[in-house]
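Peer 1: Pasting a structure below so you can have a look.
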Amino acid sequence: MNRLSLTLAAALAPLGLAHAAGGEAPLAPTALQPTVLPTAADEVTFKVYYKNALRVDSSDGRTKLKIGGRIFNDWSWFSAEDALGTHEDGTEFRAARLYVSGTIDERYEFKANYDFASTKAGDGGPGFKDVYMGLKKIPVVQNIRVGHFKEPMGLEELTSSKYITFMERSLKNNLDRGRNTGLMVHGHNKAETMTFAAGVFRESDNFGKDTSNSGYAFTARVTGTPMANEDHTSLIHLGASASYRNHSDGSVRINPRPESHLAPKYIDTGTIAADSELVYGVEWASVHGPFSTQAEYAINDVDGVSGGASPAFASYYGQVSWFATGESRTYEAGEGAFGRVKPKNPWGNGGNGAWELAARYSTIDLNDDTVTGGEQTDITVGVNWYLSSFARTMFNYVNADVDGVGSADIFMIRFQIDF
Amino acid sequence: MNRLSLTLAAALAPLGLAHAAGGEAPLAPTALQPTVLPTAADEVTFKVYYKNALRVDSSDGRTKLKIGGRIFNDWSWFSAEDALGTHEDGTEFRAARLYVSGTIDERYEFKANYDFASTKAGDGGPGFKDVYMGLKKIPVVQNIRVGHFKEPMGLEELTSSKYITFMERSLKNNLDRGRNTGLMVHGHNKAETMTFAAGVFRESDNFGKDTSNSGYAFTARVTGTPMANEDHTSLIHLGASASYRNHSDGSVRINPRPESHLAPKYIDTGTIAADSELVYGVEWASVHGPFSTQAEYAINDVDGVSGGASPAFASYYGQVSWFATGESRTYEAGEGAFGRVKPKNPWGNGGNGAWELAARYSTIDLNDDTVTGGEQTDITVGVNWYLSSFARTMFNYVNADVDGVGSADIFMIRFQIDF
Amino acid sequence: MNRLSLTLAAALAPLGLAHAAGGEAPLAPTALQPTVLPTAADEVTFKVYYKNALRVDSSDGRTKLKIGGRIFNDWSWFSAEDALGTHEDGTEFRAARLYVSGTIDERYEFKANYDFASTKAGDGGPGFKDVYMGLKKIPVVQNIRVGHFKEPMGLEELTSSKYITFMERSLKNNLDRGRNTGLMVHGHNKAETMTFAAGVFRESDNFGKDTSNSGYAFTARVTGTPMANEDHTSLIHLGASASYRNHSDGSVRINPRPESHLAPKYIDTGTIAADSELVYGVEWASVHGPFSTQAEYAINDVDGVSGGASPAFASYYGQVSWFATGESRTYEAGEGAFGRVKPKNPWGNGGNGAWELAARYSTIDLNDDTVTGGEQTDITVGVNWYLSSFARTMFNYVNADVDGVGSADIFMIRFQIDF
């Protein structure tokens, strides 16, 4: 702190800015002696600002807090063959979250994110999303996290619902396991060309609780960008993940929605009593300026089924997207996932926002061995209007086809804001 | 930014105040060169303060955030004839809300307000209150809002529960429909002597969800102040609203509480299978210094009832109130509704707060055509002690009389704070 | 405000720091005239910082706000005799809270603290923790509080779960009544060597509601420190509390968990129809540098049981703890309870945090008069690693023994952060 700083510190004190001038040392110039001496707690100052969240950062960069949330309001209209069940047009809040998160003293982190939309019927209460604490800058493993958060499986899964290209993740996402309660280490290399994550989890309920005695799951993922330019407007992402899931007494059920949250579920393995599962998959994505491709393939091996069966279920999707307004998808290299899209000319500031066109082909086969869960293929076409970096409107048309049963046409709109 | 600003900017940077000094331009004086250069995100500064909410405002006035909530703790005692059902004295939290709201970049708005009191039994979870997003400064329609918020019907309904004169809204409020999920345009003329609002809604549950296939509701309201002085201490408010509610497969039920939330419901139309409803009403209010009057009248026409019935239910109330301590009710001209009362001499700062006396007559007739739901008349007397602009204690006595059945005497106290 | 302040005020205004410079007076030096004049609302400035919570304090010290929360993630393993019921290893969030609290204008206070972990099964929703409002600096009674908060009973109960020595409070805590909805006066003498609290409550549900018509409870507590040095590293705490609980139509049931939240309940009085209860107890604690002792004894007299029975249940515990790293337990003299432990050398700043060893003996006897609820004795050994003042990991081993039935060995880990 130079001499002028000290002078200013003294001058600012009586203005109620004493905390901004900081320092425990007695301030030198007597004429400027502050009437209220700064206390020890004042040595670090804090900056408050709004940038996609309310943020409070300490001047030493060691403590950073965020308060924010998201609201997704969806509207759906259906035209489906009767064989696929009852469809009711409607509206719902697909997400209505509030969170507080932060890094404290550089090496501690926490997040408390709750979804008031409570779309898991019957569970009540706001569902737990990310609710965890962690330590950072740990030798070898880099970061340790404990609590309720996403198991490291799948590019689509690990990309926030704020940033995914379509309103719902693909059929393949039913083989990922989303959030559970566990302990995970994770990190990336210095150049951020490679990430890793590995953890042990229990399959827990909407509040992060599990006492089912069903054992533990071990899940790991690695990703890399074999090719990437500096600002990530041109890159190739590759990833692989695997999860061994022990169920001494447990069961497996895969029962996907047709990429529409208000639609009924068309196919279903039913409950399969099983000893364990092995789920493994690979990820691909590429960005070439405004153009992007993305694909994932995964297999879910179920073992120890009574009668000696060992069914394996496969699923994959492929998608393309293009920004008519010239933006690129944003890649978070340290996470191995996609991030926030920033329109070049946001609406409300003289621009019209960003417009993205996208299409996806997605399929899952739940018929194998003794299981006849059904086979479904969805084709989705989407138009996204990013008004700004924090608000978008999504239009999705889905054609869902269940092999040998029937098909449905689904039209959906999402109004989305995050704050 | 003048020369001194730049000098200060440079000086403040090493103090951790760099963000306050802002600007992307390189700072001139070399001796004062900051060690950490301000980034682009720093060009706007933010002011944090507390005023009936925690507030964060940007220096350019384009972004404003609020974090706050309210707590209402009610206590009730009953003396009722047996014919009106079982009454149990008790206590409850009539509201326990937290919210985050804001305007971002001048033209976006959002609000996420949840009620933890969860007084809608059986629905679980914190109920959705205002949970919406919107765009502002739109040509012609002025503002567009989408999400879960109040349909534009009724002066009492559109006045916040923080500011209504009695602990509960009147019997007439049962013909208003409160919050549902929809899309609305709204605004006011430049002089704020007239407001308008019109929207399309689905009748949704406690989480803003509806898949009942019961169709859409179209609701609109206009208000005006044909007479008003500048500070609104003397004014006349007039308003009218109408709602056409399509129920292809739906039903109607009106089942009011006796202006006491812990009391049982005395009268009930029962569930009426119906094709549609038309609800329309008119509003009156006047302020004359400390004295105020308010009245509303509404009719609920139910159509397409089986057997060709077409019952219409009418309800109205009239109320008077007087501030013994000289305050006036606050009128929010841009909203066409009443707002926060500000005591001249708040308690805790040498004063005794504001004292208000009020009385209301309220009636609803649910007997018409083939429906015999009952007829009820309530007389309420209230004393409100506004300790400050954010804390009040309310005392309500209600005499509820159900025609031909019996009557109840109800005494209630509310402890209220909003923050 | 001296002359330099004014000069700076003017200089800071165009930087967006006008609010920091404050004051309604016109600013003198014309060359520095601010382009945006500070408004009346700007007269008080606010300081934002993070210290075990996000805090906003006004420069006049009259308004102070906090936003924060806590996350406790527990893992449990059991080895129990069959006679004690089914035990499943598992994980849960024992707490996942968010709160906003504050003092406004020096004489008003509020707290809104909700637990999203919702561990009270069946009640749904985030449970109410402290949800209250209050007035301060009242003659004679000092502070008045109304809402949902802890009845003044028991040192362990009134010490926050963030600061208790073991993962769960002792068996004796089942005679305390935790949080209910009521009205309380509380305070302490000037020297903070004595505290008092007395209130009237209704036994309310997870949302602070009660309409059971079961009457009121009157509860009071006094505490003192007959011996204490200035920084409270050496002290003796004594306390006593009593509660008279009227149940005209009510019942009593004591049904403790074995100091492990995921374990089943071993002993149970069953539901005892009773007219009233009298619960009274005494508290002891001592601190001698890193060494501490604590003990409580309470009796629950149940009266008006049918058949003339009048059973009394007794429970007590004693515990010792020792900081291997030299810290002392923190005593909050104004509350008569223990507070936040501050490690001398926090982890992450070159230190290893604080390590505490502790042991507890705890017993409850639910056999008396006509009631044979059972008798249980627990021995707990704990190791606490306080990484910092806001993060700790707890390891607890409990041996629970039910007289004449069987015993259980329980091992538990808690990962705890508060923010």
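Peer 1: Can you list the residues of the range B:185-212 that have at least 40 square angstrom less accessible area with all protein chains present than in their chain by itself, probe 1.4 Å?
Peer 2: B:202, B:207, B:209, B:211
Peer 1: Let me ask another. Collect residues whose amide H, placed 1.01 Å from N in the peptide plane, falls under 5 Å from the amide H of residue A:181; neighbours closer than 5 in sequence don't count.
Peer 2: Answer set, sorted by chain and number: A:202, A:204.
Peer 1: For the range B:406-419, what does the Karplus curve 6.51 cos²θ - 1.76 cosθ + 1.60, with θ = phi - 60°, yield as ³J(HN,Hα) per residue in whole Hz, taken in order and with x for Gly and Pro?
Peer 2: Ordered by residue, 3J(HN,Hα) equals x, 9, 9, 10, 10, 10, 9, 10, 10, 9, 10, 9, 10, 9 Hz.
Peer 1: Starting from the exponent 0.38 and prefactor 2.2 Å, build the expected Rg for the range B:172-230 from its residue count and divide its actual Cα Rg by it.
Peer 2: Relative to the rule-of-thumb radius for its length, the range B:172-230 sits at 1.44.
Peer 1: Does the range B:159-200 come out rounded, prolate or oblate, given a ≥ b ≥ c as the square roots of the eigenvalues of its C-alpha gyration tensor, rounded meaning a/c under 1.5 and, failing that, prolate meaning a/b above b/c?
Peer 2: Oblate.
Peer 1: Counting only C-alpha contacts under 8 Å and six or more residues apart, can you give the relative contact order of chain B as a whole percent?
Peer 2: In percent, rounded to a whole number, it is 13.
Peer 1: Provide a list, ordered by number, of residues in the range A:47-83 showing at least 40 Å² less accessible area with every protein chain present than when their chain is taken on its own, using a 1.4 Å probe.
Peer 2: Output list: A:47, A:48, A:50, A:54, A:65, A:67, A:71, A:75.
Peer 1: Given axes a ≥ b ≥ c from the Cα gyration tensor, I'd like to know whether the range C:217-294 is rounded (a/c under 1.5), prolate (a/b larger than b/c) or oblate.
Peer 2: oblate
Peer 1: Karplus couplings for the range B:367-382 from phi (6.51 cos²θ - 1.76 cosθ + 1.60, θ = phi - 60°), rounded to Hz, Gly and Pro as x?
Peer 2: Taking θ as phi minus 60°, the curve returns 9, 6, 6, 8, 9, 10, x, x, 9, 10, 10, 10, 10, 10, 10, x Hz for the range B:367-382.
Peer 1: What percentages make up the Cα-Cα pair-distance distribution of the range C:354-410 when the bins are 5 Å wide from 0?
Peer 2: Reading the bins upward from 0: 5, 16, 20, 16, 13, 11, 8, 6, 4, 1.
Peer 1: Determine the alpha carbon to alpha carbon distance for each of B:150/B:209; A:111/C:66; B:66/C:137; C:150/C:342 and list only those over 20 Å.
Peer 2: Result: B:66/C:137; C:150/C:342 exceed 20 Å.
Peer 1: Here's another thing I want to ask about it. Remind me, relative contact order of the range A:99-199 in percent, using alpha carbon pairs under 8 angstrom and six or more residues apart?
Peer 2: With pairs under 8 Å counted, the relative contact order is 20 percent.
Peer 1: Now, a different point. Tally the DSSP beta bridges in chain A and give the antiparallel ones as a percent, rounded to 5.
Peer 2: Around 100 percent antiparallel, to the nearest 5.
Peer 1: Output the 0 to 90 degree angle, nearest 10, between the alpha-carbon long axis of helix A:3-12 and the longest principal axis computed from the alpha carbons of chain A.
Peer 2: Between the helix axis and the principal axis of chain A, the angle is about 80 degrees.
Peer 1: Chains C and A: how much accessible area gets covered up at their contact, both sides added, probe 1.4 Å, in Å² to the nearest hundred?
Peer 2: Summing both sides, the interface buries roughly 4100 Å².
Peer 1: Let me ask another. Filter the GluC sites (Glu not before Pro) in the range B:197-264 down to the DSSP loop ones having no more than 16 other Cβ atoms within 10 Å, then list what survives.
Peer 2: B:230
Peer 1: Something else now. If amide hydrogens are placed 1.01 Å from N in the peptide plane, which non-local residues have theirs closer than 5 Å to the one on residue C:367?
Peer 2: For residue C:367, the qualifying residues are C:373, C:374.
Peer 1: Could you please tell me the mean projected area of the C-alpha convex hull for the range C:234-365, averaged over all directions and given in square nanometres to one decimal?
Peer 2: 10.4
Peer 1: Shifting gears a bit: On the Cα set of the protein assembly as shown, report Rg and Dmax in Å, please.
Peer 2: That works out to 31.6, 93 Å for Rg and Dmax.
Peer 1: Now for a different question. Under a 5 Å amide H to amide H cut-off, with H placed in plane at 1.01 Å, what residues pair with residue A:275 once short-range neighbours are removed?
Peer 2: Here the answer is A:303, A:304, A:305, since their amide H atoms fall under 5 Å of that of residue A:275.
Peer 1: On to the next question. Can you list which of the trypsin sites (Lys or Arg not before Pro) found in the range A:80-171 are DSSP loop residues with at most 15 other C-beta atoms within 10 Å?
Peer 2: When the trypsin sites (Lys or Arg not before Pro) of the range A:80-171 are filtered for loop state and at most 15 Cβ neighbours within 10 Å, A:120 remain.
Peer 1: As a test of reading the structure, rank C:283, B:88 by solvent-accessible area (1.4 Å probe, protein chains only), most first.
Peer 2: B:88, C:283
Peer 1: Something else: Could you check how much of the accessible area of the protein assembly as shown is carbon and sulfur, as a whole percent, using a 1.4 Å probe?
Peer 2: 53
Peer 1: Taking a label point 7 Å out from Cα toward Cβ, give me the nm distances from residue C:139 to the same spot in the other copies, shortest first, one decimal.
Peer 2: Counterpart label points of residue C:139 in the remaining copies fall at 6.7, 6.7 nm.
Peer 1: Classify the range B:324-419 from the C-alpha gyration tensor, please: rounded if a/c falls under 1.5, else prolate or oblate depending on whether a/b exceeds b/c.
Peer 2: Taking the square roots of the gyration eigenvalues as a ≥ b ≥ c, the range B:324-419 is prolate.
Peer 1: How much area per residue is accessible in the protein assembly as shown when the probe is 1.4 Å and only protein heavy atoms are counted (Å²)?
Peer 2: 37
Peer 1: Also, I was wondering about something else. Could you please tell me the mean projected area of the C-alpha convex hull for chain B, averaged over all directions and given in square nanometres to one decimal?
Peer 2: 24.4
Peer 1: What list of ³J(HN,Hα) couplings, whole Hz, do you get for the range B:153-158 from phi and the Karplus terms 6.51, -1.76, 1.60, once you set θ to phi - 60° and write x for glycine and proline?
Peer 2: 9, x, 5, 4, 4, 8
Peer 1: Threshold 40 Å², probe 1.4 Å: give the residues of the range A:136-158, in number order, that are less accessible with all protein chains present than with their chain alone.
Peer 2: A:146
The values are calculated or read from the model by the stated rules, or taken from the named source; none is laboratory data. Because the structure is predicted, anything quoted here is derived from the model rather than measured. Glycine also receives a Cβ, built like all others from the backbone with ideal geometry; neighbour counts cover every protein chain displayed. Please note that ligands, DNA and RNA were not included when accessible areas were found on the heavy atoms of the full protein model with its side chains. Shrake-Rupley method; radii C 1.70, N 1.55, O 1.52, S 1.80 Å.
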